[in-house]
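Colleague: Submitted below is the structure of interest, expressed as structure tokens.
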Amino acid sequence: MTLAIETHQLRKVYKGRPVVQDLSLTVGPGEVFGFLGPNGAGKSTTVKMLLGLVMPTSGSVQVLGGSPQNPDVRRQLGFLPEQFRFQTWMTAREFLNFHGRLSGMSASDLQTRIPEVLEQVGLPGRGGEALNGYSKGMLQRAGLAQAILARPRLVLLDEPTSALDPIGRVEVREIIAGLKAQGVAVFLNSHLLSEVEQVCDHVAFVQKGQVLRQGSMQQLLGGAVPVEVRADRLPPELLSELGTLGTLELLPEQGGRPGVQVQLSNDALIPRIAQIVSRAGVQLYALTPHRTDLEALFLELIDTSGEGQV
Ligand SMILES: Nc1ncnc2c1ncn2[C@@H]1O[C@H](COP(=O)(O)OP(=O)(O)OP(=O)(O)O)[C@@H](O)[C@H]1O
């Protein structure tokens with residue numbers, strides 16, 4: 001299996017100051033990897049090293065099993081920079097044609113591929129319009145079309161949804177899911193943590209060029225979870241049975257409904273709560289896992305790691 005990305009002890013020093021340090025990452029084919037961190041954490045510098053645009057000071061980087069300097073490797077990469085400079089005098093079709101030719105695609109391939117990607121990013125039939133008439137959200141879609149045009153095996157997206165409305169964001173999530181289903185790996189920089197949470201398999205938190213924590217979504221957010229149960233009544237037999245799953249804490253009534261919080265060691269036990277409640281013959285009104293989300297984890301990590309950002 002060829003990994004999409006493999007870095008080992010990657011380091012970049014600017015003017016004597018390390019901005020990326022000891023970065024070791026692996027991203028498998030078809031994996032969606034979220035790279036998260038505050039401003040100045042070293043995310044763009046890392047992306048530039050992955051693309052072969054910036055030389056590492058030390059350490060190694062391989063993308064799609066080769067060097068990012070290798071033109072054959074580069075041809076298989078898609079990239080949407082955060083601040084893409086569009087050739088706004090071109091129509092979307094001309095713009096995609098231009099970038100497609102730069103990637104080595106043939107004119108006949110582009111003729112079928114361009115309408116296909118315009119459709120995919122939600123711009124069907126808009127290819128004939130000049131980009132200088134596009135809205136910010138449409139430009140971001142056109143940039144995304146450019147990133148996936150040459151059927152890349154690894155796509156690097158820097159804040160791909162920052163200019164999009166909620167519908168556009170859902171569509172981008174669907175595009176990312178579609179890429180993943182085709183075995184394309186996606187490396188995503190984003191500040192929109194709730195989005196990252198919905199789309200990523202694996203996440204790394206970085207600050208001051210260093211990974212603070214990385215893991216699968218299950219490792220980071222799965223596992224122990226407090227679950228709130230609300231029912232019309234909570235008889236003692238029910239409470240004692242729930243108590244076999246984890247420690248209990250009685251909650252104040254809400255709307256006349258008693259509640260209890262069950263501290264589960266493992267979220268795989270959630271269905272057991274439903275079974276126990278149902279067997280007890282009480283009316284269940286809510287069964288709510290209070291999971292940590294990425295945003296809470298992000299704030300916790302950034303807070304506990306020393307001074308603020310760069
Ligand atoms: N060419 C350069 N020369 C000197 N310093 C640089 C250069 N490029 C980046 N830096 C510095 O490296 C640090 C990391 O910058 P980088 O752009 O990688 O951060 P980032 O995590 O992408 O930030 P943001 O979220 O704001 O885009 C910053 O302090 C930046 O000033």
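Colleague: So residue 241 clears everything in (1) in a helix (DSSP H, G or I); (2) touching a helix residue (DSSP H, G or I) at 6+ places or on another chain (Cβ under 6 Å); (3) within 30 Å of residue 165 (Cβ to Cβ) except one condition, right? Which one?
Modeller: (3) is the only condition that residue 241 fails.
Colleague: Turning to a different aspect of this structure: Could you list, in sequence order, all residues of the range 55-91 that are at positive phi and free of Cβ contacts under 8 Å to residues at least 60 places away in the same chain? Steps first, please.
Modeller: First, pick out the residues of the range 55-91 that are at positive phi: 59, 64-65.
Selection gives 59 alone.
Colleague: Restricting attention to the range 113-131, does a residue exist that is farther than 21 Å from residue 82 by Cβ, part of a strand (DSSP E or B) and in the same structural domain as residue 52 (by TED's automatic domain parsing)?
Modeller: Yes: one or more hits.
Colleague: Here's a follow-up. If you scan the range 270-293, which residues turn out to be under 34 Å from the mean Cα position of the chain (by Cα), in a helix (DSSP H, G or I) and touching a residue at least 40 places away in the same chain (Cβ under 8 Å)?
Modeller: 270, 273
Colleague: Mind listing whichever residues of the range 92-111 are touching a residue at least 12 places away in the same chain (Cβ under 8 Å) and surrounded by fewer than 16 Cβ atoms within 10 Å (Cβ to Cβ)?
Modeller: Once the filter is applied, which keeps residues that are touching a residue at least 12 places away in the same chain (Cβ under 8 Å) and surrounded by fewer than 16 Cβ atoms within 10 Å (Cβ to Cβ), the range 92-111 yields only 104.
Colleague: Using the structure shown, decide if residue 233 is more than 30 Å from residue 201 (Cα to Cα), surrounded by fewer than 12 Cβ atoms within 10 Å (Cβ to Cβ) and touching a residue at least 24 places away in the same chain (Cβ under 8 Å). Can you show your working first?
Modeller: Numbers: more than 30 Å from residue 201 (Cα to Cα): yes; surrounded by fewer than 12 Cβ atoms within 10 Å (Cβ to Cβ): yes; touching a residue at least 24 places away in the same chain (Cβ under 8 Å): yes.
Criteria met by residue 233.
Colleague: Separate question: Picking from 156, 212, 193, which residue would you name as being surrounded by 15 or more Cβ atoms within 10 Å (Cβ to Cβ), at pLDDT 95 or above and within 16 Å of the ligand (Cβ to nearest atom)? It would help to see each step written out before you state the result.
Modeller: Working: 212 fails: at pLDDT 95 or above; 193 fails: at pLDDT 95 or above.
Answer to the check: 156.
Colleague: Inside the range 159-188, can you point out the residues that are within 23 Å of residue 103 (Cα to Cα) and either within 16 Å of the ligand (Cβ to nearest atom) or of a type in the set (D, E, K, R) (or both)?
Modeller: 159, 160, 180, 187, 188
Colleague: Only one of these is farther than 30 Å from residue 80 by Cβ, crowded, with 16+ Cβ neighbours inside 10 Å and not assigned by TED's automatic domain parsing to the domain that holds residue 162: 238, 269, 250, 294. Name it.
Modeller: On the way: 269 fails: crowded, with 16+ Cβ neighbours inside 10 Å; 250 fails: crowded, with 16+ Cβ neighbours inside 10 Å; 294 fails: farther than 30 Å from residue 80 by Cβ.
It is 238.
Colleague: Assess whether residue 36 counts as being touching a Pro at 6+ places or on another chain (Cβ under 6 Å) and assigned by TED's automatic domain parsing to the domain that holds residue 191.
Modeller: In short, no.
Colleague: Among the numbered criteria (1) basic (Lys, Arg); (2) closer than 19 Å to residue 154 by Cβ; (3) touching a residue at least 40 places away in the same chain (Cβ under 8 Å), which one does residue 48 miss?
Modeller: (3)
Colleague: Filter the range 147-161 down to residues that are in contact with a helix residue (DSSP H, G or I) (Cβ under 6 Å, 6 or more places away or on another chain), assigned to a loop (DSSP other than H, G, I, E, B) and in contact (Cβ under 8 Å) with a residue 60 or more places away in the chain, then give me how many there are.
Modeller: Here the count works out to 2.
Colleague: Against the condition more than 22 Å from the chain's Cα centre (by Cα) and assigned to a loop (DSSP other than H, G, I, E, B), how does residue 87 come out, does it pass?
Modeller: Yes; evaluated as a whole, the condition is true for this residue.
Colleague: Among the residues of the range 7-24, are any in contact (Cβ under 8 Å) with a residue 40 or more places away in the chain, over 18 Å from residue 211 (Cα atoms) and among the small types (Gly, Ala, Ser)?
Modeller: No, there is no match, as no residue in the range 7-24 is in contact (Cβ under 8 Å) with a residue 40 or more places away in the chain, over 18 Å from residue 211 (Cα atoms) and among the small types (Gly, Ala, Ser).
Colleague: Would you say residue 260 is outside any helix (DSSP H, G or I), on the phi < 0 side of the Ramachandran plot and not acidic (Asp, Glu)?
Modeller: Yes, satisfied.
Colleague: It is to be established whether one or more residues within the range 119-141 are charged (D, E, K, R), surrounded by fewer than 21 Cβ atoms within 10 Å (Cβ to Cβ) and closer than 22 Å to residue 29 by Cβ.
Modeller: No.
Colleague: Just a yes or no: is a residue in the range 115-122 closer than 24 Å to residue 195 by Cβ and in contact with a Pro (Cβ under 9 Å, 6 or more places away or on another chain)?
Modeller: yes
Colleague: Right, here's the next one. Count, please, the residues in the range 253-262 that happen to be over 14 Å from residue 290 (Cβ atoms) and surrounded by 11 or more Cβ atoms within 10 Å (Cβ to Cβ).
Modeller: Of the residues in the range 253-262, 3 are over 14 Å from residue 290 (Cβ atoms) and surrounded by 11 or more Cβ atoms within 10 Å (Cβ to Cβ).
The values are calculated or read from the model by the stated rules, or taken from the named source; none is laboratory data. Just so we're clear, the structure is a prediction, and the values are computed from it rather than from any experiment. Heads up, the Cβs are rebuilt from the backbone with ideal geometry, glycines too, and the neighbour counts pull from every protein chain shown.
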